[in-house]
1. Given segment 254-338 reduced to its alpha-carbon atoms as identical point scatterers, what log10 I(q)/I(0) does the Debye formula return at q = 0.14, 0.17, 0.19, 0.26 Å⁻¹?
2. Which order do 11, 108 fall in if you start with the one that has the fewest other Cβ atoms within 10 Å?
3. Take 384, 230, 216 and order them by how many other Cβ atoms sit within 10 Å, fewest up front.
4. Which entries in 83/315; 173/235; 103/325; 251/360 show an alpha-carbon gap greater than 20 Å?
5. Among 363, 82, 122, what is the fewest-to-most ranking by other Cβ atoms within 10 Å?
6. Normalised by the empirical 2.2 N^0.38 Å for globular proteins, what value does the Cα Rg of segment 108-164 take?
7. Using 1/(1 + (r/R0)^6) with R0 = 45 angstrom and r between the beta carbons of residue 229 and residue 173, what's the FRET efficiency to the nearest 0.05?
8. Near the amide H of residue 60, under 5 Å away, which other amide H atoms are found, from residues 5 or more places off or on another chain, if H is placed in the peptide plane?
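Just so it is clear, none of the values below were taken in a lab; they were calculated from the coordinates. Please read all numbers here as calculations on a predicted model, not as lab measurements. Using ideal geometry, Cβ is built from the backbone for each residue, glycine included, and neighbour counts are taken over all protein chains shown.
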Amino acid sequence: MIRFTTAGESHGEGILVILEGIPAGLTVNSEDVDLELARRQKGYGRGQRMHIETDSVKILSGMRYARTIGSPIAMYISNKDFKNWLHVMSPVSVDLDGTTLLKPRPGHADLAGLMKYGVNDFRDILERASARETAARVAAGAVCKMLLKEIGINIISYTLQIGNVSADMSSIKEDDVWNNTETSYVRCPDADASARMIKLIKKAGAKGDTLGGKVTVVAKNVPAGLGSHTQWDLKLDGRLAQSLISIQAIKAVEFGNGTKLASLFGSLSHDEIFYSEVKGFYRNTNMAGGIEGGMSNGEPIIVTCTMKAIPSLSKPLHSVNLVTKQPAKAEAIRSDVCAVPAAGIVAEAAVAIELAKALKEKFGGDCLEDMKKNINIYKDRLKTL
């Protein structure tokens, strides 16, 4: 079973992730993980923190000579900003220095977390609730991407919308999506929409405001049959949705045509099935987003996530002082104007982790060679249908 857990605070000493279940024999270079971490830090509208941190992973266990050995993989990402927070974030007892935060931000975990854990300072909450934690998920996702690539599965993402500006994907050739996305400051494959998104982000930043949007993740060459219809918690779309909705500020997840299907008759809502000796079973459309009955159906998995605007505003919203109970402006905490481009990278990682889990569950394999053999046997069986 593939699983992972993370630890660490936003301004603590560092972020740690432990990833279990990756088969032995997979080549993993730390430079490839660093590349994914760098992609997460880019994007027009990111805050000052991205100028401080240059994330680089240190692999502590689970590998030997850049190859996995089957044991848990531990990876560590240091927080360079920790040197500026030594007193505030000390893990040992110190005299408090007056940095108590008492004016919770609407839309953040501040107040709910303070009520749940009974603390007197919601810094205890925000430090762990921060999206800084996603650096660990991206590191775990990078390793899972390498496993998926060995099987021929590729994952990309792109920005579909920021604020009220949306990409016109009908004008973009499929072969150009990746290149256009990776050369855009907002990771949008539509050049005209990219320019308008940047202008909107500038406008929001000047007003002390923030912006949300939508990102789409596409996983290609996923074999049919990952996930299961037999239990609610085995359904692949349900598992992907949980993983994606857990990303900070993500408020909605859609597969394929998603909410658009609400307005369509059944005759227009489903992907008709065809067969040829060359392709086998195939579809001419993909409104289901590659998943039917909780299982991958062989078509690309397409999932779109909606991200709300970040709740940390330089011109804060109304709140309440937790001590005086009097009206107050929420704490003004350093953050991004728009993190939608970065959310796409985190969403890629989330999808990669869940697909790797489902792949391991179906095909097993304590070593990569065994897993590949099992997959080939399965694919050969499908050809006989």
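1. Debye output, listed in q order: -0.66, -0.77, -0.87, -1.25.
2. Values: 11 19, 108 23.
Exposure proxy ranking, most exposed first: 11, 108.
3. Values: 384 5, 230 10, 216 23.
Fewest-to-most Cβ neighbours within 10 Å comes out as 384, 230, 216.
4. Numbers: 83/315 27 Å; 173/235 32 Å; 103/325 10 Å; 251/360 29 Å.
Flagged as over cut-off: 83/315; 173/235; 251/360.
5. The most exposed by this proxy come first: 82, 363, 122.
6. Compared with the compact-globule rule of thumb, segment 108-164 sits at 1.71.
7. 0.80
8. 74, 75, 76
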